[in-house]
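Notes follow the structure.
The values are calculated or read from the model by the stated rules, or taken from the named source; none is laboratory data. As the structure is a computational prediction, the values presented were derived from the model and not from experiment. Cβ placement follows ideal geometry from the backbone for every residue including glycine, while neighbour counts extend to all protein chains displayed. When the accessible area is computed, the model is the full protein with side chains, heavy atoms only, and any ligands, DNA or RNA have been set aside. Shrake-Rupley method; radii C 1.70, N 1.55, O 1.52, S 1.80 Å.
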Amino acid sequence: MACADPDVDLGTAPLTALNVTVRTRLGLFLNPRNTVAADWTALAEEVGFTYLEIKNFEARQNPTAVVLDEWQARCRDATVGKLLVILEKLERNDILEDLRCAIDEDVRKYREKAAERPLQVQLVDSCVPRIPERIGLTLEDDPDGVPELFDAFICYCQSDIEFVHEMIRELEQTNCKLKLCVFDRDVLPGSCVWTITSELIEKRCRRMVVVISDEYLNSDACDFQTKFALSLCPGAQRKRLIPVVYKSMKKPFPSILRFLTACDYTRPCTQAWFWGRLAKVLSLP
C-alpha cells in the first residue's frame, strides 16, 4: 500500500480525523454507481446499514459523505483503520493507493492536536470540603440522597416550546403520570451545558424524545443531544430515541433518524392515538 506510515496508528483513530479533502476524494471514487468496482452502497452495507437506509441515502448529493457521517455518529468504534480494511476487502486498491498518504497525514495532525494539552495548574480553593459538580443538577435533586430520575429527556429547540408545554400537559398532568426532563424547567443554572446534558441523557433518563422541526435542524444543542443519545444505543436496539413530528416541515427529515419509527402528530387520522402511543413507549421498562 503506497505511502503507508508504520508510525501512524490508524486502528484507534476515529473517522473525525479525516478532513474535508480526503472525504471529498472518497466521494469522487465511491459516489458514481459502478457495475464493475464496489461503490458507496457496498461500503454502506459493510458498515451495517440496512437496505431501506441505503435507499434513503441515494437521494443525497454526496451519499459517501452521509454514510461516513452516519457511521461515525452511530458507532463508537468507527475508525480510520476499519475504513481501510473495508476498502481493501472491497478491492478498491485504487482508493488506497491514491489516498493513503493523505489519510496518514490527517491522522498524524489529529494525533498532534489531541496531544496538545493546556498547562495544568494546581487548583486553589478555600471551600472545604468540595461538593461534587454533578450533585444538584435539577430542581428536585437531594444532594444527600438519590438523584432525580426521569422517564424521558425532551430534546427540543426554543421555537417548539409551546408543543413541549402540550407534551407536559398530556404526559405528566394526566393518568400517564410520566416524569419528563425539560431543560429550561428542571435544570439548575450554573454548570456546563454539555456536561449536564450528557449526564442527564446517559444516567438520569431512560429515553429521549426528539421534537423534530425545521428549527431543530439548525440547533447545535439538539444535534449534540441526538448524536450523544444515538452513541449510547447503536441501532436503537433499546428504543432509546423516539422522534416526534408535530408540524409540517419544509426541510428533509434528518437522515440520522430515518431508521427509527417516528410519532407523527401532523396526520389527522392518527392524532387520536398519538399521546397514547407515545406514553406507552415511554412507560416501557
Most mobile listed residue (A272, A102, A262) in the chain, GNM with C-alpha springs under 10 Å: A272
³J(HN,Hα), Karplus 6.51/-1.76/1.60, whole Hz, each residue of region 243-258, x for Gly, Pro: x, 10, 10, 10, 8, 5, 10, 8, 8, x, 4, x, 5, 5, 10, 5
Rough spin-label spacing in nm, given labels placed 7 Å along Cα→Cβ, for T21 and V193: 3.4
Computed E for T12/N175 - FRET, C-beta separation, R0 41 angstrom, nearest 0.05: 0.25
Whole-Hz ³J(HN,Hα) from phi, Karplus 6.51 cos²θ - 1.76 cosθ + 1.60, for region 82-89, glycine and proline x: 5, 4, 5, 4, 5, 4, 5, 4
Degrees, to the nearest 10: 93-115 long Cα axis against longest axis of the chain: 50
Which of I86, W71, T41, positive extreme of dipole for the chain (C-beta unit charges): T41
Among A115, L18, A59 the positive-end extreme of the charge dipole of the chain (Cβ point charges): A59
In Hz, Karplus ³J(HN,Hα) per residue of region 269-281 (6.51, -1.76, 1.60; θ = phi - 60°; x = Gly, Pro): 5, 10, 4, 5, 9, 4, 5, x, 5, 5, 5, 5, 5
Nonlocal amide H pairs with R207, under 5 Å, H built at 1.01 Å: A152, F153
Debye, to nearest 20: dipole size of the chain, +1 on Lys, Arg Cβ, -1 on Asp, Glu Cβ: 820
For R60, net neighbour charge (Lys/Arg +1, Asp/Glu -1) across residues whose Cβ lies under 12 Å away: -2
Carbon and sulfur %, accessible surface of the chain computed with the full protein complex present, 1.4 Å: 53
Anisotropy class of the chain from Cα gyration tensor, a/c 1.5 cut: oblate
Structure-based [θ]222 nm, the chain - -39500 (n - 2.57) summed over DSSP H runs of at least 4, per residue, nearest 500: -12500 deg cm²/dmol
Virtual spin-label span in nm between K227 and F253, 7 Å along Cα→Cβ: 2.2
